[in-house]
Structure formats: C-alpha cells, structure tokens
Amino acid sequence: MINITLPDGSVKQFPEGVTSHEIALSISEGLARNVLAAKVNDTVWDSNRPITEDAKVQLLTWNDDLGKNAFWHSSAHLLAEALEEVFPGIKFGIGPPVENGFYYDVDLGDRTFSQDDFAKVEQKMLELARNKSEFKRREVSKAEAEKYFTEKGDEYKLDLIKDLEDGSITFYEQGNFVDLCRGPHIPNTGFIKAAKLMNVAGAYWRGDESKKQLTRIYGVTFPKQKELTEYLERLEEAKKRDHRKLGKEMELFAFSEKVGMGLPLWLPKGTLLRERLEQFMRKAQVKAGYQPVVTPHIASKELYVTSGHYEKYGADSFQPIKTPNEGEEFFLKPMNCPHHCEIYKTRPRSYKELPVRLAEFGTVYRYEQSGELHGLTRVRGFTQDDAHIFCRPDQVKEEFIKVIDLVLYVFKALGFEDYTAQISLRDPDNKAKYIGSDEAWEKAESAIIEAAAEKGLTTVTELGEAAFYGPKLDFMVRDALGRKWQLGTIQVDYNLPERFQLEYIGADNAKHRPVMIHRAPFGSLERFVAVLIEHCGGNFPLWLSPEQFSILPISEKYHDFAQQVYDLLAEMDIRGFVDNRDEKIGRKIRDAEVRKVPYMLIVGEKEQEENAVSVRRHGEGDLGSMKVDAFIQLFQSKITEILNN
RNA sequence: GCCUCCAUAGCUCAGCUGGUAGAGCAACUGACUUGUAAUCAGUAGGUCGUUGGUUCGAUUCCGACUGGGGGCUCCA
C-alpha cells in the first residue's frame, strides 16, 4: 500500500500502482468522469498512469489551467490524427496547447490548407473523438524512436529526437496516430465534444527564420458544445469592441495610405479625447512636481551616438535626414530621454534641487516592422506621456512611490480596477550583461520592491527581465473582457547618466552621478486610447467623452430654446451638440444612442415652459425631467466624483 | 521582413463557372412639425486598390506593387 496526500492535506491509502482516475473514483464517480489529468508531486501525469510510491496528488479537471492544458494538448494530437487521415503523408512539427486552445505545425508538402478545409478536418476530429480512443503512453529507446520516424519519413520529429536523452523518450498513441510526446494527456478522445479550427498561419520551424516555414493550424476544443458557443460569443464581443472598428465608427482616428502605414491621423473627436487625457495628466504632473518641457522632433546624429541608440538601432530605423551641408545628419527622435539629458545639463545642478522632473508629451518615431503594426497599439509615430526624473540614489524609493501613486490615480480615473505590477530584476546568474555597479542595482531593486510593497501592489517578480540599463516596474491591466494589456512603465536607468556624464554637486562639494528614472503612466497616448476604447467598449468615462450631451428638440419650434440650453452648457465647459435635423424624436434618440452620447436632453413644449430638460442616459433610458441648473449640477457631480478621489 | 487570407459607393456587404455592377445605411432634395432606439418619397454617388499579362472581351483568371486582417515566444 502507498500513501496518497490530497490537496486538503488528507492522506489515503491505496494499493501500489493505483491511478489518479481510481483515486477520483474513490471520492465520487462524477469527479472521476471529469478528471483529465493529475498533478503528482509537482509533475502533471496522465490520469491512468500507475503511481508506485507515496505521493501528493492533485486531481485536475477542466477548471484547472493544467487540466485545460492536458485537454488541449490531447486535442492537438486529435487534430494531427484527423489531418493525417485527410492529408496522408503529412509531416508534423510541434503541437502544444496555448492560452486559448492549441496548434499543430505541419508540413503539407505541395498541398495547401485554407479555411475551406476547416469543416472537413473538424468533422474528422469529432468522428475520431467519438471512437473514445485511449491515449496510450509508451517509453521507447532513442534508437526505437528514430527508427519509427525514419520509416515514417518525418524529419521534424527526428530533429526533435536528436536533442532528447535516451531513456527520457515517450510515445503517445491514440487510434491510428503515434506521436513523440512527453504528455500528459486526457484518458481518451471521447472527452472532446466540440472542436473548431480558428485560423492558419505560417511559422518557422523552431522559430528560426532561416528554417523552413510550416503551416500552423490553430484550434480550440471543449468538453461541452455549450462552452464552444460561449467562447465564440466572447470572441464576437471582443470584435465589437475592437478599437480599430470603434475608432472608425466613432470618428476618432483614421489611417491613410498616402500618409503611410502606422501613422495615425487623429480626427476632431479623437483629438478632443486625446487632449482631455493630456490635460488630465498635465494637471496631475504639475501637482506632483513635474516641470513641462518641449523638445524638437529631430536631433543631430551626435545625440544618438552619445546615447548609444545610433549603434543599437540606427540601421533598422528611419534613415537620417540629410541637409545641404555635407556630412550633416539628423534623425527623427525615437525617444525623448537624450533631449531631456541635455536639458539637465544646461547648468550645474546642486543636490538641493534634486529631484528634477522633466515632463513632455513627446512624439517619437520608430520604424517598426510592417508586420508588427496593429491599429493604434503598435504604430510608427506616437506620443509618449514621458518624463524623466533625475534624482539622488537615496531618493529612488520615494520617487518610485510617487510615480506609483500617479499611475494608480490614472487607473482609477479611467476605470481600470484590475491590475498587477511586474517587477523586472536582473538575472542574478548573469550580472555581467548589465551596466551599473552591483551596489547601485541592489539599492534600486530593493527600492522598487519596497515601494511596491508599501503601496500594497499585487506583484509578480521576473528575474532576468530587466533592461540592460536598469530594473523596472510595469503595470498590466485587465480590461472588461479579461484581456491583459501592458500599460504604465517605470524604469531606472544607469546608462544614460553615464553616457551623458550627468552630475550634481553633493553636500560634500564633490561631483556625483544622478539616477535617472524614466516613466510613462499611459505608455503612449495611442496605445492607451486603444486599450481604453476596448476596455469601455467606446462608452468613455463622462469627463473624457468627446460628446457629453446632445440636445434633441421635439420639433423646429424648440430650436431656439435648445440653443439657449446649449449656450448655457457650453459656458460651463460641457461639450455637446444640438440635433436640429428634421427628424422624429425617436430617430434622434436612436442616433444618439448609437453614437454613445452619455446624456440626451430632450426639449419640447413642457421643457421650454419650465426651463427644464428631459434627461435620458445612454444605455439606461429616461431619467425624467429636471431644471437646466439641476442637470448641470448632476453632471458636474458625476465628474468630480471620479476625478477628485 | 516572412507565411497566409483579403481589397467592389462615405460605411457594411451582394455579384454562380470571364460579357464593363447591385442592396441597406449615410449624403442631397422635397413632404411631414414630430414626446424616449430607424416617417415617407425622390436624387445623386463606383475607371470594382494600383499596375502589367492571358483573352475578341477582365471586377472576375495569372503576376507584381500598395494597403489591411490573422500568425510568426510559450518544451516533442
């Protein structure tokens, strides 16, 4: 008998060779039906693999990420089996589970695979799933493995086997399909009740551009048809919120072939939104002791030679702007830091005036690969809400805390409630690849950790993720659909102060090197607006909304009164418009609803008599009639509610 | 950049296997003067992304270019 420890700490005795399926069965039959795999002493095992020693066992179902992984990994094998039946002679690369499903990389030879083939393969998958073929694990020798795939003629699997150690190789077999695989897998294919292929894409063998490009087939499967339906509905919802679609519909921004790819044009309404965000940040920054600066969009090559960016990015970036003077070259600025360093250097600095915080909404240009461009989230010209803090080493922690406060204030005002912070530290085993002294790094790293802890942030720490020039803290927010986005960033930089020979005179009358902190709570206005659009589905917070109200006169007779109300609201800095088209009120309401206007103010005979407006809130409906003053008060209270705490 | 799919009116899209195009919405004109999610009628609008080729003939087939979507890191 062996002892099995379950997650609740209880210990049960089972005969040697018990499987986790049998353990589940001893708890309940329903559980046994749902167990996909099991974590046995920190390794995930097949649920039908015999356990021969005392072990800690955690049963995994569809509700566990690891359970899903096993499920989707098994689905990849099922896909491969189906593909092999449909396309005999097909060769296979790798087929892992991913965040939402799985894929398999295949080499189809001369054949092609397109959306038209999806249905056929999906059907074949379900047909094979119904056979309830068991996933059978088998340990094989390296020679045996090589023999099998040599005979099959699959050079990709042979390439994989080459790097594996003899004795550690396993095969999995289900139905007529055998794959080189470490596992684990679900008990049999019958668990897979719904399958959908999502898309095809090219992917280099082993991610190496010089190797052959395979066809990557993405799919997703579920243990219930209903879950597939729900998943597809979620995708639909995400599509509806796509910032590229809403940006066009709401006339926020546009692209033009003539202007060039990745270069967004901000339309009037989008500009209003963007300027509101800038205004908001400016105000918060002034309060936090930042000094706004402005720097040019181009700079002499020398600046980037000094900063080191020329050497690192020069060849892959926008190429220099030449002048009539021979040898004179200017670059579009790809970042603001070097300019700010030069501002810092305009005069000697005393320790007493540090920290110096220089802020700029700096528009920068980076030549991103054409395939990397995506809506507003990845563009070639964008504006950072940039600032650089030059401070003494002993001020790093305090400055970090202040920046975190600022970032949290921004998130709160914009309705991002679910966020985590990632602390990126250097790789402790490879300190040589980082610039800056050991002492400085340790100080800065502990300053970041302490600052994050003091602010009560939920953090993930990643070793080796720091930039070569310093550790950093990144904020990841989760939007309304649960998708993760990286927004604000705070980075310590030891590199530029060194390269630019920045210094300050300390109390000891000696020269010291300041620490530079680079931070951007939004990241870039473009990216932030994109994330914001998707987060709120185009229903912006009231204070940001480009059109905060629309006045809808019942008929032409009330146009004058409508204009009076409009003037009053405009006076109070409330933005909106009068819809004086020759349309019925129902039509005007519908159009305003579609345009996502937060407040609709209906004016007719009654309202005119009482100097009132009938208020309708977007998505909520009629709020009844109120005096114009009362509406202004209601409106302003809604705004201060968000911005002042 | 590479793979793959795509490109028709301002927008969303239809147009079977080659014979120069159609709908809805928007726009414009007129009628209606309207009470909480689409009033009715009419008008106008397209070198079918650009450019070569095949063909008697190309929006349709082939190539190139431009732009767009998806993917190119996550252990067999």
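At-a-glance table
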| read-out | value |
| --- | --- |
| Dipole magnitude (debye, nearest 20) for the stretch A:2-61, charges at Cβ of Lys, Arg, Asp, Glu | 140 |
| Cα-centred dipole magnitude for the stretch A:344-470, charges only on beta-carbon of K, R (+1) and D, E (-1), debye, nearest 20 | 640 |
| With DNA, RNA and ligands ignored, accessible area of A:SER437 (1.4 Å probe; Å², nearest 10) | 60 |
| Surface accessible to a 1.4 Å probe, A:MET476 within the full protein complex, Å² | 50 |
| Cross-link table A:LYS12/A:LYS132; A:LYS68/A:LYS239; A:LYS39/A:LYS224; A:LYS287/A:LYS431, entries beyond 27 Å C-alpha to C-alpha | A:LYS12/A:LYS132; A:LYS287/A:LYS431 |
| Within chain A, percent of DSSP bridges classed antiparallel, to nearest 5 | 85 |
| Most to least accessible of A:GLU439, A:GLU342, A:GLU326 (protein chains only, probe 1.4 Å) | A:GLU326, A:GLU439, A:GLU342 |
| Chain A, helix-only ellipticity at 222 nm - DSSP H runs n ≥ 4, -39,500 (n - 2.57), divided by all residues, nearest 500 | -11000 deg cm²/dmol |
| Signed unit charges on C-beta, dipole axis of the stretch A:1-131, positive-most listed residue A:PHE87, A:ASN100, A:ILE4 | A:ILE4 |
| Interchain or long-range residues, amide H under 5 Å from A:ILE192's placed H | none |
| Most to least packed among A:577-588, A:480-491 [average Cβ atoms within 10 Å] | A:480-491, A:577-588 |
| Estimated inter-spin distance, A:ASN176 and A:LYS584, nm [label 7 Å along Cα→Cβ] | 6.4 |
| Simple Cβ-charge dipole of the stretch A:66-237, Lys/Arg +1 and Asp/Glu -1, about Cα centre, in debye nearest 20 | 420 |
| Karplus (6.51, -1.76, 1.60) ³J(HN,Hα), θ = phi - 60°, over the stretch A:374-388, in Hz, Gly and Pro reported as x | 7, x, 9, 7, 9, 10, 9, x, 8, 10, 8, 8, 8, 7, 10 |
| Under Karplus coefficients 6.51, -1.76 and 1.60, residue-wise ³J(HN,Hα) of the stretch A:277-287 in Hz, glycine/proline x | 5, 5, 4, 4, 5, 4, 4, 5, 6, 4, 4 |
| GluC sites (Glu not before Pro) restricted to DSSP loop in the stretch A:87-146 with at most 16 other C-beta within 10 Å | A:GLU99 |
| Amide proton proximity set for A:VAL18, modelled H, under 5 Å, gap of 5+ | A:ILE51 |
| Rounded accessible area of A:HIS297 (nearest 10 Å², 1.4 Å probe) | 80 |
| Cα-based shape type of the stretch A:181-223, given that a ≥ b ≥ c are square roots of the gyration tensor eigenvalues and the cut on a/c is 1.5 | oblate |
| Accessible surface ranking that places the most exposed of A:SER317, A:SER47 first, with a 1.4 angstrom probe | A:SER317, A:SER47 |
| 5 angstrom amide H check on A:ILE551, placed H, neighbours 5+ away | A:PHE577, A:VAL578, A:ASP579, A:LEU601 |
| Added length on full extension, which subtracts the Cα-Cα distance from 0.36 nm per residue, A:GLN636 to A:ALA238 | 140.1 nm |
| Anisotropy class of the stretch A:2-61 from Cα gyration tensor, a/c 1.5 cut | rounded |
| In degrees, nearest ten, helix A:396-413 long axis to first principal axis of chain A (Cα) | 90 |
| Relative contact order of chain A, pairs being alpha-carbon contacts under 8 Å that are 6 or more residues apart, as % | 8 |
| Whichever lysines have a C-alpha closer than 28 Å to that of A:LYS162, once near sequence neighbours (fewer than 8 apart) are set aside | A:LYS91, A:LYS136, A:LYS142, A:LYS147, A:LYS152, A:LYS211, A:LYS212 |
| Where A:ASP42, A:ASP591 fall by accessible area, highest first, once all protein chains stay in place (1.4 Å) | A:ASP42, A:ASP591 |
| Reach of A:LYS584 by Cα under 14 Å, taken over aspartates and glutamates that are not fewer than 8 positions away in the same chain | A:GLU556 |
| Spatial separation of Cα centroids for the stretch A:232-309 and the stretch A:509-539, in angstrom | 11 |
| Lys/Arg +1, Asp/Glu -1 at C-beta; the stretch A:455-603 dipole; positive extreme among A:ALA467, A:HIS518, A:TRP543 | A:ALA467 |
| Derived scalar couplings ³J(HN,Hα) [the stretch A:72-89; Karplus, 6.51 cos²θ - 1.76 cosθ + 1.60; whole Hz; x for Gly, Pro] | 6, 4, 5, 5, 4, 5, 5, 4, 4, 4, 5, 4, 5, 6, 6, 10, x, x |
| Low-density loop cleavage sites - GluC sites (Glu not before Pro) in the stretch A:159-255, where at most 16 other Cβ are within 10 Å (DSSP) | A:GLU165, A:GLU209, A:GLU251 |
| Acute angle (nearest 10 degrees) that the helix A:525-536 long axis makes with the longest principal axis of chain A, alpha-carbon atoms | 70 |
| Cβ-based charge dipole, chain A, positive-most Cα from A:LEU277, A:ALA24, A:HIS339 | A:LEU277 |
| Acute angle (nearest 10 degrees) that the helix A:118-130 long axis makes with the longest principal axis of chain A, alpha-carbon atoms | 50 |
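The values are calculated or read from the model by the stated rules, or taken from the named source; none is laboratory data. Values in this document were obtained by computation on a predicted structure and should not be read as measured data. FYI the Cβ positions are ideal-geometry reconstructions off the backbone, even for glycines, and counts take in every protein chain you see. Ligands, DNA and RNA are excluded from the accessible area calculation, which covers all protein heavy atoms including side chains. Shrake-Rupley method; radii C 1.70, N 1.55, O 1.52, S 1.80 Å.
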